[in-house]
1. Pulled fully out, how much extra length does the chain show between A134 and E58, if you take 0.36 nm times their separation in residues and subtract their Cα-Cα distance?
2. Between D223 and Y66, what is the label-point separation in nm under the 7 Å Cα-to-beta-carbon projection?
3. Can you list which of the DSSP-assigned H helices in the chain have a Cα extent of 24 Å or more along the long axis and an average Kyte-Doolittle score of at least -1.0?
4. Can you give the direction-averaged projected area of the convex hull of the alpha-carbon atoms in the range 1-107, in nm²?
5. Over all directions, the average projected area of the alpha-carbon convex hull for the chain comes to how many nm²?
6. Exactly which trypsin sites (Lys or Arg not before Pro) in the range 1-86 are in a DSSP loop and have at most 12 other Cβ atoms within 10 Å?
7. What value in Å³ per residue do you get for the convex hull of the alpha-carbon atoms in the range 126-167?
8. Between the range 102-157 and the range 8-71, what is the separation of their alpha carbon centroids in Å?
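Read-outs: derived from the displayed coordinates by stated rules, not from any lab. Treat the numbers as computed from the prediction; the structure is a model and nothing was measured. Cβ: placed from backbone, ideal geometry, glycine included. Neighbour counts: every protein chain shown.
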Amino acid sequence: MIMRDIPLNEFATDILNETLWFLKDENYKAVHMNCARNYNAKDADYFTSWDYFQKIREMAGDHDGYPESVCAYSFGSNGLNFHKDAGMLADEMGERIFSFYEKIQTQLNLKKNALFTVYPPEHGFISWHNNANAAAYNFIFTYSETGEGYWQHFDPVKNEMVTIPDVKGWQCKAGYFGSYRDGMDKVVYHTAKNTGKGLRMTIAFILDRSEMSAGLQSWVIDDIRAD
C-alpha cells in the first residue's frame with residue numbers, strides 16, 4: 001500500500017491535541033491565509049480535479065514536486081506571516097508551536113516538520129503534487145471538525161485513484177514519497193481538500209530515505225496505532 005491509514009490511540013491523540021489551540025477562538029487567523037488570490041470552491045475543485053492531476057502527471061520530471069496552489073493558514077517554520085495586529089497572540093503561537101514540536105520530537109522522534117496548515121471550510125485545499133523533490137518516509141496527521149474532507153493519491157503500482165475520507169477528529173496516514181530517480185512507480189501524486197463547513201488541520205513530518213527511517217516509521221506506527 002502506498003499510504004497506510006493508521007487508526008490512532010490515546011497516546012498519540014494526547015500529543016496531537018495540543019495543536020487544537022490553533023483552532024480555538026479562531027487563533028489560526030493571526031496569520032495570513034496563503035492563497036495566491038481569493039480562491040473559492042470552484043478553484044478548489046479545479047486544483048484537486050482529475051484534469052489537473054493529468055496535467056501535472058504529464059509534466060513528469062519537469063514538475064518540481066511542490067504544489068502549485070494551496071489555500072490554507074500555514075504555521076510551518078517558513079510560513080508564519082502574522083497580521084500586523086496579531087500582538088501577543090503571535091508570541092503565544094510561537095511558544096505553542098515550539099512546545100508541540102518539542103513534545104512530538106521527544107516522544108515519537110519526529111524531528112522534521114514538513115507541513116502545518118489549517119484549511120478553511122469548503123474551499124481549503126492543496127493542489128496535486130508529488131513531493132519528488134523531498135523523497136522520504138512520512139507521517140501525515142489530520143484533524144477534521146466535521147469529517148467531510150478527504151485525502152487522495154494515485155497508486156502508480158495499481159494504476160488507480162485512491163481516496164481516504166476524513167474522519168471526525170484525528171487520523172494518520174504513513175508511507176513513502178519517492179523521487180524521480182526511484183522510478184515513476186515510487187512517485188506518489190496526491191492532493192487534499194476540505195469540503196465541509198468545519199476546519200481541517202494537517203501536520204506532516206518526514207524522516208529520510210534510509211532503511212533506518214523505514215524501521216523508525218514501523219516503530220512509530222506500532223507506538224501510535226490503536227489496538
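1. Using 0.36 nm per residue and subtracting the Cα-Cα distance, I get 25.4 nm.
2. 3.2
3. The qualifying helices are 88-108.
4. The Cα convex hull of the range 1-107, projected and averaged over all directions, gives 9.9 nm².
5. 12.1
6. Here the sparse-neighbourhood loop sites are R37, K84.
7. 100
8. Between the Cα centre of the range 102-157 and that of the range 8-71, the gap is 8 Å.
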